[in-house]
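Accompanying notes for the structure given below.
The values are calculated or read from the model by the stated rules, or taken from the named source; none is laboratory data. Remember, it's a predicted structure, so these values are computed and weren't measured experimentally. All Cβ positions, glycine included, derive from the backbone under ideal geometry; neighbour counts span all protein chains shown.
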């Protein structure tokens with residue numbers, strides 16, 4: 001995705017191509033998500049709607065928060081291991097402004113726009129956004145007034161929104177299933193690396209071709225953590241080793257990345273309530289019976 005946007009900038013040879021692609025005046029050309037956003041009651045509700053469903057169309061998040069009378073909107077790419085292309089972030093900010101202006105029927109502008117990377121076309125950006133644009137900042141962000149979130153939309157259409165929402169929710173439910181698959185993918189990757197040493201988050205994230213920071217964030221969003229998935233992977237493998245092999249406990253402990261059999265025994269007791277030796281005997285008894 002990043003490569004595509006970098007290519008768009010290079011081929012167009014236009015520093016403002018992101019702004020142009022992110023600006024649309026004809027509603028019939030809007031993505032269904034944009035049409036749904038325009039159907040909400042105000043600018044704040046539109047951003048909330050887009051933030052809820054944005055991940056359905058790209059590995060992307062819309063983050064917003066209110067602090068000190070300011071309302072900040074940012075974009076985050078969940079699989080990114082490098083800085084997002086300038087053209088892409090400008091496109092995203094231009095699209096948010098398109099929704100705000102089209103929905104409200106006004107020429108609303110942010111208080112300011114902040115960019116991390118330097119821009120050679122600051123004046124052009126300032127004309128488009130109608131505010132000061134500052135580069136060299138610690139974040140990429142659009143900063144509005146807190147009151148701007150309550151700006152009513154003249155395009156509000158509750159009936160249309162009620163028609164579109166069920167499909168979005170159905171798609172979101174499917175996406176949640178995909179998130180469960182992500183947890184399983186991480187667990188399987190950890191198990192493949194359980195070969196006599198403890199897998200690290202850096203090693204697992206490298207195998208998944210994402211940054212360790214991104215992996216941590218995604219697991220946190222799914223209500224989990226690397227340590228939790230590691231424990232689950234070890235638990236599954238421990239049950240497999242004890243039930244299906246003649247491995248000694250110290251050998252199983254080694255394969256699971258524990259320093260010694262005592263550490264493995266303590267962990268297994270926490271999982272099953274009994275030491276691994278007793279658990280193995282009980283499983284064998286069940287098999288015989």
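Report the residue count in segment 54-110 for those that are part of a helix (DSSP H, G or I) and either more than 21 Å from residue 171 (Cβ to Cβ) or not assigned by TED's automatic domain parsing to the domain that holds residue 6 (or both). Spell out how you get there, then give the answer.
In the first step, residues of segment 54-110 are kept if they are part of a helix (DSSP H, G or I); the result is 54-56, 86-104.
Still in the running and either more than 21 Å from residue 171 (Cβ to Cβ) or not assigned by TED's automatic domain parsing to the domain that holds residue 6 (or both): 86-91, 93-94, 96-98, 100-104.
So the answer is 16.
All of 243, 213, 234, 198 fail the test of being surrounded by 13 or more Cβ atoms within 10 Å (Cβ to Cβ) and at pLDDT 85 or above, apart from 234. Note on segment 3-43: among residues that are at pLDDT below 90 and assigned to a helix (DSSP H, G or I), the one that is nearest to the chain's Cα centre (by Cα) is 33.
Among 77, 71, which is in contact with a strand residue (DSSP E or B) (Cβ under 6 Å, 6 or more places away or on another chain) and farther than 27 Å from residue 147 by Cα?
Details: 71 fails: farther than 27 Å from residue 147 by Cα.
On inspection, the qualifying residue turns out to be 77.
Within segment 55-64, none of the residues are touching a residue at least 12 places away in the same chain (Cβ under 8 Å) and over 24 Å from the mean Cα position of the chain (by Cα). Restricting 162, 171 to residues that are outside the structural domain of residue 113 (by TED's automatic domain parsing), under 30 Å from residue 100 (Cβ atoms) and out of contact with any helix residue (DSSP H, G or I) (no Cβ under 6 Å at 6 or more places or on another chain) narrows the list to 162. Of all residues in segment 201-210, those satisfying the criterion of being surrounded by fewer than 18 Cβ atoms within 10 Å (Cβ to Cβ) and either in contact with a strand residue (DSSP E or B) (Cβ under 7 Å, 6 or more places away or on another chain) or within 15 Å of residue 229 (Cβ to Cβ) (or both) are 202, 203, 207, 208. Residues in segment 268-280 that are out of contact with any helix residue (DSSP H, G or I) (no Cβ under 7 Å at 6 or more places or on another chain) and surrounded by 13 or more Cβ atoms within 10 Å (Cβ to Cβ): 269, 274, 278.
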